[in-house]
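**Student:** Please read through the structure below; I'll follow up with questions.
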Amino acid sequence: MVFQVRLRSNSNIFFRPKIRILKLIYNPCIRNFASTAYRLHRDDNNLYKNKYDTQEPKTHFGFKSVPEIGQVFSNVASKYDLMNDIMSFGIHRFWKEHFIRTMAPGPGTKLLDVAGGTGDIAMGFFNYCKEIHKDTTAKATLLDINSKMLEVGKKRFSMTSYGETSQIAFELGNAENLESIPSNSYDIYTIAFGIRNCTHIDKVLHEAYRVLKPGGRFMCLEFGKVQNPVVSLMYNLYSFQIIPVMGQLVAADINSYQYLVESIQQFPSQDKFAKMIENAGFTIVNNGWEDLSFGIAAIHSGFKL
């Protein structure tokens, strides 16, 4: 499977991954191929009950309803970055780099990075401010609900010059209730590959609107729906049949990566999510999102005006 991402000539200055090309040999003993393909391509509205239509206290573990999914990220925290590189062939780093370029933060920007995990977005934010603006006054709060993911982020920053400054702060918190964060206090709110794991997305969006300053920007990088039927078929077969196997081989956890691909299927389409952002009070420009790699991922954006 080939992913295509168009980059600018100096596009590697913010993320410099040392990605080894791995040759993964997977024996395509795809169980019940025909029924799998049929299941994946039926109308989403008939295929799954949308988890965002219910106010039940449980969340979802992929297609299953469970009390919480925190254990998923505790299980994979130490291998999270490695698995992202392997699963996407490193493409996720270019998506995140483009995300930072689209953000284009100015000097002194104050960022809240929710579900910040291992710190890719916050790190890219600081690198951009430093290399484009020669700025060291930008500040970021990296917030995550999972303490193990947050510890990985802290360790990563401790090995950089940013870890020795007051530019970065870490906070354990819930995106649905940012009670420790005052209203109108941040310039930019980001959440990358995290919002689909939240039980009540509407609460997350309203909290994002509350903590942003007037004129502030909400930005979300998340998986989307692929419209091209051929690419969609290939992508879904890769996701459901190969990614969980990779999870078992690399992280010894097939269930967490089965959840990953199932949660992507349950997440709203780009147009539906854009409408949710608008309903939270944000002003969107044009259609409100930009597709990446055929819509495998998308950047959503809204302004508090």
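The values are calculated or read from the model by the stated rules, or taken from the named source; none is laboratory data. Nothing here was measured: the structure is a model prediction, and the numbers come from that model. Cβ: placed from backbone, ideal geometry, glycine included. Neighbour counts: every protein chain shown. The area values use the complete protein model at the heavy-atom level, side chains included, leaving out ligands, DNA and RNA. Shrake-Rupley method; radii C 1.70, N 1.55, O 1.52, S 1.80 Å.
**Student:** Working carefully through the options I181, I168, find the one that is under 23 Å from the mean Cα position of the chain (by Cα), surrounded by 16 or more Cβ atoms within 10 Å (Cβ to Cβ) and touching a residue at least 60 places away in the same chain (Cβ under 8 Å).
**Tutor:** Values: I168 fails: touching a residue at least 60 places away in the same chain (Cβ under 8 Å).
Only one candidate passes the filter, namely I181.
**Student:** Which residues, counting only those in the stretch 110-143, are open to solvent by 30 Å² or more (accessible area, probe 1.4 Å), of a type outside the set (S, T, Y) and in contact with a Lys or Arg (Cβ under 8 Å, 6 or more places away or on another chain)?
**Tutor:** K110, K139 - these are the residues of the stretch 110-143 that are open to solvent by 30 Å² or more (accessible area, probe 1.4 Å), of a type outside the set (S, T, Y) and in contact with a Lys or Arg (Cβ under 8 Å, 6 or more places away or on another chain).
**Student:** If a residue has to be of a type outside the set (S, T, N, Q) and either in a helix (DSSP H, G or I) or farther than 27 Å from S185 by Cα (or both) to count, how many in the stretch 79-115 make the cut? Steps first, answer last, please.
**Tutor:** First pass over the stretch 79-115, keeping only residues of a type outside the set (S, T, N, Q): 79-83, 85-87, 89-101, 103-108, 110-115.
If we keep only those that are either in a helix (DSSP H, G or I) or farther than 27 Å from S185 by Cα (or both) as well, we get 79-83, 85-87, 89-101, 103.
Final tally of qualifying residues: 22.
**Student:** If a residue has to be open to solvent by less than 60 Å² (accessible area, probe 1.4 Å), assigned to a helix (DSSP H, G or I) and more than 18 Å from S88 (Cα to Cα) to count, how many in the stretch 210-236 make the cut?
**Tutor:** 1
**Student:** If I ask for residues that are surrounded by fewer than 19 Cβ atoms within 10 Å (Cβ to Cβ), in a helix (DSSP H, G or I) and modelled with pLDDT under 90, which ones from the stretch 250-268 would you list?
**Tutor:** If the condition is that a residue be surrounded by fewer than 19 Cβ atoms within 10 Å (Cβ to Cβ), in a helix (DSSP H, G or I) and modelled with pLDDT under 90, then V250, I254, N255 are the ones that fit.
**Student:** Does I243 satisfy the criteria of being at negative phi and touching a residue at least 60 places away in the same chain (Cβ under 8 Å)?
**Tutor:** Working: at negative phi: yes; touching a residue at least 60 places away in the same chain (Cβ under 8 Å): yes.
Yes; evaluated as a whole, the condition is true for this residue.
**Student:** Before we move on, is A77 modelled with pLDDT of 90 or more and of a type in the set (A, V, I, L, M)?
**Tutor:** No.
**Student:** Further question: Output the qualifying pairs, or none if there are none: Cβ atoms under 6 angstrom, residues six or more apart or on different chains, first residue in the stretch 252-279 and farther than 24 Å from A208 by Cα, second residue open to solvent by 20 Å² or more (accessible area, probe 1.4 Å).
**Tutor:** Once the first residue is farther than 24 Å from A208 by Cα and sits in the stretch 252-279, its partners that are open to solvent by 20 Å² or more (accessible area, probe 1.4 Å) give D253/N75; I254/Q248; S256/N75; Y259/F61; E262/F63.
**Student:** Now, a different point. Under 6 Å by Cβ, and 6 or more places apart or on different chains, what pairs join a residue from the stretch 209-222 that is under 8 Å from I188 (Cα atoms) with one that is among the hydroxyl-bearing types (S, T, Y) and buried (at least 20 other Cβ atoms within 10 Å of the Cβ)?
**Tutor:** That search, which allows pairs on different chains as well, returns L212/Y186; L212/Y189; F218/Y189; M219/T190; M219/S301.
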